[in-house]
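Below: the structure, in C-alpha cells.
The values are calculated or read from the model by the stated rules, or taken from the named source; none is laboratory data. These numbers come from a predicted model, not from an experiment. Here Cβ is always computed from backbone atoms with ideal geometry, including for glycine, and neighbour counts include all displayed protein chains. For accessibility, only protein heavy atoms count, side chains too; no ligands or nucleic acids. Shrake-Rupley method; radii C 1.70, N 1.55, O 1.52, S 1.80 Å.
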Amino acid sequence: MSLAPDGHLLIIGAGLAGYYTARQMRTQGHTGPITILGAEEHPAYDRPALSKAYLCGTTDLCDLYLDDPSDPLDVRWVRSDAVIGLSTQPLGVQTASGTFYLGDAVVIATGAEARRLGGHAIRSVEDAAALRAAPLAGARVAVIGGGFLALETAATCTTRGAGSVTVIAGEELPGLRRLGQPVAQALHRLHQEHGVRFLGSARALSVNPVPAAADGCRSVRPQARQPAALQGSQAPGPHSITLSDGRSIEADVVISAVGAVPATGWLTRSAVALDPVTGAVLADDTGFTGIPGVWAAGDCALWAAQRTGLRPVGHWQETVDQAQAVASALLGGIPSPMQEPYLWSDQHHVTIQAAGMLALADEVKVLAGTIESGDLLVSYLRDGTEIGILGMNRLREVVRWRRSRRVRPAALAA
Amino acid sequence: MFLTEEGTVHALDDTCTHQDASLAAGWVENCRVECPLHESTFSLRTGEVDQPPAKRGVRVHQVTVQDGEVLVELSTAAPQLPPGVEVR
C-alpha cells in the first residue's frame, strides 16, 4: 500500500497540508517526484497572519510564503489550475485547464472555503487583502462569529482605528461553549477594554445593503434587496444585519468569520466517501481513504478520531501533525504519533494557547491568574483527570505541559 | 541567556525569527531551544533553525564564563527579526 521510493506523489492543494505533506515526504526520505497542484496563483502561504499582522499591514504576502526561496523543497509546483475530478483507474486528477495528472499516490489537501454570510470573509489572501484595503479607520465594523478568527479580526480592526467594533458571537460570552466560563469572561473583558462591543447570544440571520442614503436621494432597485443569507452581499457601503432577537444593526464594514466548509465539491461524483454533513473526505487515522493510493489531510478531511470528537478540526497544528502522519504511512515507516491537540491565537497583545482535549472536559479549574488581569492559566478535567490546559500569556506553562505529554515515535513502536 | 543541564551557558536574541515570541519561554533540549509558539527549534551554539515555520536562524552572542561571571560579547551581525518587528 505504501509508495515506492521512486513513485510519483501527486498532492492536490497548495496550502498548509499540501506543503507540509511534501516537506515531510522529503524529510522522511522519499526520492521520487512530487507534484503539488494549487488553484491559487500564489506560492503556498501560511494563513494565521491574515487576520493579524497581514491585516494590520505589518507583513506582506511574501512574508507568509511557506517554502523557503533560499532552500526550496524539491517539488514541482503547478499554480492557478483547479482540480475538477479524481480518477481511480488510472490514478490521477483532471484539472480545469484540461490536463490529466497521473500519480502513484494522491494526497487530497484542498482545504476548506469560508462560509460566507455576507460582507468580507477571511480565508484567502485575496479576502484579507480586500479587507486590508477597506477604509477601516473611523468605520463602524461588525464581525459575525465568536471563534478565534472573529476575535482576532475584531482586535485587528481596533488597531486599525475602527470607529466601533461590534462582535456578533451568538453566545452570551465569546468562547463560552468551547472554552468554559473563566476564559470566556476573560476574553469578553479583554475585548471590552479595547472598545469591542458584544451583542450577547443574538445570532446574525442576514446581511443586506442599506438601500439608500438617509436623505433618500439615491434610487432603490428592488432586486438589490434579495435575501443575503443565501448570497452574501458583497456590495460596498453600509449594511444592515438582522439579528435573531429581532434587532438589527448597521455597519460600514461587515466581516463574516462563521466557519469553513471542506473544498470537496470536485469529489462528489468520485469513489471517495464524503461526510454527509460537512462534505469532508473521510479517512482513517493515517489519512487513508480506503481507496488504494488515495489519502487526505488537512481541512478538507475528517479523520476517524475527528469524526468521533477525539481530535479537533480546522487547527493549524492538527494539519501539520496529519501531514507528518500521512507521509509516514505513505512511506510505510513507523507510524508518526499524533501529539496533544494545540492551538494558539493573538488578540490585543495577549497570546492564548490551548492544548489537549478541551472539548471533552466536564470541569474547568483556574490554576493561576485572574479574569481581570487577562493572565489566566486554566486546567480542563474529565472525571477529575487533567486532559487540557489553556494559558493567556502563559507561554512557559503551556510549552511545559505540551512537552511533558509529548509522544515519541519509539513509544509507539515499543 | 540559557543555562543547559550540562552546565553550558549560551546567549541568543530572544525573539523567534518567525513571529514575535520570546525564546526564553521556550523548551530547551539537546542544546536547542524550541519556540514556545510553534515547532521551530534553534541551536543554542550556532542559532541555526531546523524546521518551519521559521526560515532564518537566530543571532547568537559570544559567551565566556570567567570565575563564575558570565561575560557576553554582543554580535555585530544584523538581528534576524520576524516581519513587522523592529528593534525597540
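Of the residues making up region A:52-99, those that are of a type in the set (Ser, Thr, Tyr) and assigned to a strand (DSSP E or B) number 4.
The strands (runs of 3 or more DSSP E) located wholly in region A:100-156 that include 2 or more residues which are under 30 Å from A:GLY293 (Cα atoms) occupy A:100-102, A:105-108, A:112-114. If you go through region B:13-28 one residue at a time, do you hit one that is more than 24 Å from A:ASP346 (Cα to Cα), within 14 Å of the chain's Cα centre (by Cα) and either open to solvent by 50 Å² or more (accessible area, probe 1.4 Å) or not charged (D, E, K, R) (or both)? Within region B:13-28 (the criterion being more than 24 Å from A:ASP346 (Cα to Cα), within 14 Å of the chain's Cα centre (by Cα) and either open to solvent by 50 Å² or more (accessible area, probe 1.4 Å) or not charged (D, E, K, R) (or both)), the answer is no, since none of the residues qualifies.
Among the criteria (1) surrounded by 22 or more Cβ atoms within 10 Å (Cβ to Cβ); (2) under 18 Å from A:VAL320 (Cα atoms), the one A:GLN28 does not fulfil is (1). Checked against the criterion of being in the same structural domain as A:VAL281 (by TED's automatic domain parsing), modelled with pLDDT under 95 and exposed (fewer than 15 other Cβ atoms within 10 Å of the Cβ), region A:94-101 contains not a single residue that satisfies it. Taking the conditions (1) in contact with a helix residue (DSSP H, G or I) (Cβ under 8 Å, 6 or more places away or on another chain); (2) within 14 Å of chain B (Cβ to nearest Cβ); (3) at pLDDT below 95 in turn, A:GLN324 satisfies each one other than (3).
If you go through region A:22-51 and pick out every residue that is over 21 Å from A:GLY333 (Cβ atoms), among the hydroxyl-bearing types (Ser, Thr, Tyr) and in a helix (DSSP H, G or I), you end up with 1. Meeting the requirement of 2 or more residues that are over 19 Å from A:ILE11 (Cα atoms), the strands (runs of 3 or more DSSP E) wholly within region A:236-301 are A:239-243, A:248-251, A:253-256, A:260-262. Per the listing A:GLU340, A:GLU386, the residue uniquely in contact with a strand residue (DSSP E or B) (Cβ under 8 Å, 6 or more places away or on another chain), open to solvent by 30 Å² or more (accessible area, probe 1.4 Å) and part of a strand (DSSP E or B) is A:GLU386. Against the numbered list (1) in a loop (DSSP other than H, G, I, E, B); (2) within 11 Å of chain B (Cβ to nearest Cβ), A:TYR19 comes up short only at (1). Can A:TYR380 be described as closer than 30 Å to A:GLY293 by Cα, buried (at least 21 other Cβ atoms within 10 Å of the Cβ) and outside the structural domain of A:LEU176 (by TED's automatic domain parsing)? Spelling it out, it is not the case that A:TYR380 is closer than 30 Å to A:GLY293 by Cα, buried (at least 21 other Cβ atoms within 10 Å of the Cβ) and outside the structural domain of A:LEU176 (by TED's automatic domain parsing). Selection over region B:43-82 of residues that are open to solvent by less than 50 Å² (accessible area, probe 1.4 Å), within 14 Å of chain A (Cβ to nearest Cβ) and free of Cβ contacts under 8 Å to residues at least 60 places away in the same chain gives a count of 5. When A:VAL78, A:VAL107 are checked against the criterion of being surrounded by fewer than 22 Cβ atoms within 10 Å (Cβ to Cβ), of a type in the set (Val, Ile, Thr) and at pLDDT 95 or above, A:VAL78 stands alone in meeting it. You will find that of A:LEU102, A:LEU91, A:LEU61, the residue that is more than 29 Å from A:GLU250 (Cα to Cα), in contact with a strand residue (DSSP E or B) (Cβ under 9 Å, 6 or more places away or on another chain), within 14 Å of another protein chain (Cβ to nearest Cβ) and in contact (Cβ under 8 Å) with a residue 24 or more places away in the chain is A:LEU61 and no other. Criterion applied to A:VAL261, A:VAL272 was being under 22 Å from the mean Cα position of the chain (by Cα), at pLDDT 95 or above and surrounded by 14 or more Cβ atoms within 10 Å (Cβ to Cβ), and the one residue passing it is A:VAL261.
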